[in-house]
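First the structure, in the form of structure tokens, and then the observations on it.
Every number here is computed from the coordinates shown, using simple stated rules; none is lab data. Computed from a predicted structure; not experimentally measured. Note that we place each Cβ from the backbone using ideal geometry, even for glycine, and neighbour counts take in every protein chain shown.
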Amino acid sequence: MGMTNIEWRALRGSGQVEAIAVRIPEASRVSGFSRSELYRRAARGEIVFLKCGATTLVDMESLRAAVASLPRAVIRSS
């Protein structure tokens with residue numbers, strides 16, 4: 001059985017430990033990508049999914065790279 005988000009945060013303590021892989025719902029939450037978008041990007045090879053038994057994990061390095069590759073938003077003043 002995996003740790004809950006609360007247990008993980010308690011284990012991290014001061015925040016010095018950083019996750020190297022997270023489950024899909026957490027990856028969606030931290031990136032802003034929907035679950036479907038995560039799967040589309042994984043299919044294109046932009047995001048790396050890892051398997052640990054029945055659990056699918058998202059490699060955080062690849063997720064950060066995918067977010068960093070997004071174009072900047074252009075905000076026009078009215």
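Label zone of residue 65 (point 7 Å out along Cα→Cβ, amide N under 16 Å): in segment 17-57 this covers 20-22, 41-50. Here r is the Cβ-Cβ distance between residue 29 and residue 77 and R0 is 35 Å; the resulting FRET efficiency, rounded to 0.05, is 0.65.
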